[in-house]
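**Q** Dropping a structure here in structure tokens format, bear with me for questions.
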Amino acid sequence: MIELVRTLRLRDLFLLFIGSVIGSGIFRTPGPILRRVGGSVGVAMLVWIVGGVLSLLGALTYAELAACNPEAGGLYCYIRDGFGRASAFLYGWCLFLVIASGSVAALARVFSEYFAQVVPISPVLQTFVAVVVIAVVTAVNVWGTRKSSDLQNWTTIVKAGVIVVLSAVLLTLGHHAKDMVPAMGATEHGAGLFSSFGLAMIAVLWAYEGWQFGTYSAGEVIDPQKAFPRAFLLGSLVLIGLYLIAIAAYLFALGPAATAASDTIAAASVSAILGSWAGKIVALTILVSTFSAANSVILTAPRVFYAMAQDNLFVRRLAVVHAVYRTPVFAIVALGAWSAVLVCAGQLGQFQKLIEGVIFIGWIFYGLGAAAIFPIRRARAGQPLPYRVPGYPWTPILFVLAAA
């Protein structure tokens, strides 16, 4: 039987980690999050830091799981080995029906919305553009893992580079730094602050969504015992740094009040400093960013369906690997096709519910996957581990509690 080949290096895994996470969240959510916490810059920044730390705890936990079990399917395999086939079956189907497909649909829809800002088109054509985006990334991923990873690497470098450059410009030319100090304090206290913090955290977790996708491709990573711990640690720290720098840049450019009032914070910030023409730069950046993020999902998630099919928990044909391209061709096409269906359904008013479902359902399983480290360690008692998560058992425990 033809099998997948190990072709992803440490660099690929690191850029995949970053590219999977940076989609549209950092360009859109900082304003609504600041508004949710009553305009408090201090509380808003704390929300972003806590979200980043939670993702770091999860990533470090998953790095141990991936290092000791580097097979295709990643998180699905951890749930299967830790809690049995029934739980893994449930996760795999949720991933297919909502989590992965919903993420691809959301990213493709955002791509089409920003494409319409560059080239004005009707809502119907926006849906068509979103479907075309899904078709393109599906075709590239069928063509080969190496080709898809190379595309992922370059698009990730471009969007991360643009974030750094734009942030540097906004921090240098922005003149609202003095407005940040008075806005640092909390405007709510007690239960009200706790509730606002929790609601804001939902949006932050969406912005950090995607770091776990790299585990799905563990069966194609070269030297996974070393690659996963290094890529996941460095990727988490880089992401937190990029996000905090970008948010500070928005605040420098607009000030806390205008930032909280904006739902298109990146475009508003750049336009305020460089002029209205510069908004096109942000639109183009988001096009690259969302395309890259959608590619990362279709690069990784079909490996779960491939693993499920091998376990006879999905349609058996999804375990077939193309003889020439060495990719799980039917699993990739199945995810692309269902994602396109969800894009069209989003036009019917169900899209926001879809996004909420991705966040809610996804994090339940992310917590379950991290909790699998305990039964898996017990089963491997006495065996050497290639990597041990620092701070065990508190690192996975804190992440599981937060995900719950």
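The values are calculated or read from the model by the stated rules, or taken from the named source; none is laboratory data. Since we're looking at a predicted model, the values are computed, not measured. Every residue, glycine as well, gets a Cβ built from its backbone with ideal geometry; the counts of neighbours run over all protein chains shown. Accessible surface areas use protein heavy atoms only, side chains included; no ligands, DNA or RNA. Shrake-Rupley method; radii C 1.70, N 1.55, O 1.52, S 1.80 Å.
**Q** Can you confirm whether Phe351 is at pLDDT below 90, among the aromatic types (Phe, Trp, Tyr) and under 20 Å from Cys94 (Cβ atoms)?
**A** Spelling it out, Phe351 is indeed at pLDDT below 90, among the aromatic types (Phe, Trp, Tyr) and under 20 Å from Cys94 (Cβ atoms).
**Q** Quick check on the range 321-348: of everything there that is at pLDDT 90 or above and open to solvent by 60 Å² or more (accessible area, probe 1.4 Å), which residue is farthest from Tyr91 (Cα to Cα)?
**A** The extreme case among them is Val324.
Each row is one residue, and each column tells you yes or no for (1) open to solvent by 20 Å² or more (accessible area, probe 1.4 Å); (2) in contact with a Gly (Cβ under 9 Å, 6 or more places away or on another chain); (3) closer than 30 Å to Trp143 by Cα; (4) not in a helix (DSSP H, G or I).
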site	(1), (2), (3), (4)
Ile2	yes, no, yes, yes
Arg6	yes, yes, yes, yes
Asp12	no, no, yes, no
Ser20	no, yes, yes, no
Met45	yes, no, no, no
Ile49	yes, no, no, no
Ala67	no, no, yes, no
Ala88	no, yes, yes, no
Ser112	no, no, yes, no
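**Q** Can I ask one more? Only one of Leu107, Leu170, Leu95 is part of a helix (DSSP H, G or I), in contact with a Phe, Trp or Tyr (Cβ under 6 Å, 6 or more places away or on another chain) and crowded, with 24+ Cβ neighbours inside 10 Å. Can you tell me which?
**A** Leu170
**Q** Same structure, new question: Among the residues of the range 106-115, is any modelled with pLDDT of 90 or more and more than 17 Å from the chain's Cα centre (by Cα)?
**A** Taking every residue of the range 106-115 in turn, at least one turns out to be modelled with pLDDT of 90 or more and more than 17 Å from the chain's Cα centre (by Cα).
**Q** Here is a follow-up. Is it the case that some residue within the range 236-259 is under 19 Å from the mean Cα position of the chain (by Cα), more than 17 Å from Val162 (Cα to Cα) and open to solvent by 50 Å² or more (accessible area, probe 1.4 Å)?
**A** Looking for residues that are under 19 Å from the mean Cα position of the chain (by Cα), more than 17 Å from Val162 (Cα to Cα) and open to solvent by 50 Å² or more (accessible area, probe 1.4 Å), one finds at least one in the range 236-259, hence yes.
**Q** Given the criteria part of a loop (DSSP other than H, G, I, E, B) and in contact with a Ser or Thr (Cβ under 6 Å, 6 or more places away or on another chain), does Ala186 qualify?
**A** So Ala186 fits the description; yes.
**Q** Please work out which residue is nearest to Ile18 (Cα to Cα), limiting yourself to the range 137-188 and to residues that are touching a residue at least 24 places away in the same chain (Cβ under 8 Å) and hydroxyl-bearing (Ser, Thr, Tyr).
**A** Checked the range 137-188; the qualifying residue nearest to Ile18 (Cα to Cα) is Thr156.
**Q** Got a sec? Which helices (runs of 4 or more DSSP H) wholly within the range 230-326 have at least 1 residues that are basic (Lys, Arg)?
**A** Helices (runs of 4 or more DSSP H) meeting the threshold: 279-300, 302-310.
**Q** Related question: Can you say whether Leu193 is closer than 17 Å to Gly42 by Cβ, part of a helix (DSSP H, G or I) and of a type in the set (A, V, I, L, M, F, W, C), as far as the supplied structure shows?
**A** yes
**Q** Go through the range 28-43 residue by residue and tally those that are assigned to a helix (DSSP H, G or I) and either open to solvent by 30 Å² or more (accessible area, probe 1.4 Å) or among the hydroxyl-bearing types (Ser, Thr, Tyr) (or both).
**A** Selection size over the range 28-43: 4.
**Q** Can you tell me which of Leu313, Leu284, Leu318, Leu299 is of a type outside the set (Ser, Thr, Tyr) and within 19 Å of the chain's Cα centre (by Cα)?
**A** Criteria check complete, one pass: Leu299.
**Q** With the requirement that a residue be surrounded by fewer than 23 Cβ atoms within 10 Å (Cβ to Cβ) and of a type in the set (Lys, Arg), what does the range 275-311 give you?
**A** The one that is surrounded by fewer than 23 Cβ atoms within 10 Å (Cβ to Cβ) and of a type in the set (Lys, Arg): Lys280.
**Q** Further question: For the list (1) part of a helix (DSSP H, G or I); (2) under 19 Å from the mean Cα position of the chain (by Cα), I need the number of the one condition that Val124 fails.
**A** Exception for Val124: condition (2).
**Q** Quick check on my filter: what residues within the range 264-280 are within 25 Å of the chain's Cα centre (by Cα), farther than 11 Å from Leu34 by Cβ and not polar (S, T, N, Q)?
**A** Correct list: Ala266, Ala267, Ala268, Val270, Gly279, Lys280.
**Q** Condition (residue is at pLDDT below 95, open to solvent by 50 Å² or more (accessible area, probe 1.4 Å) and under 24 Å from the mean Cα position of the chain (by Cα)) applied to the range 179-186: is it met by at least one residue?
**A** Checking the range 179-186: not a single residue is at pLDDT below 95, open to solvent by 50 Å² or more (accessible area, probe 1.4 Å) and under 24 Å from the mean Cα position of the chain (by Cα).
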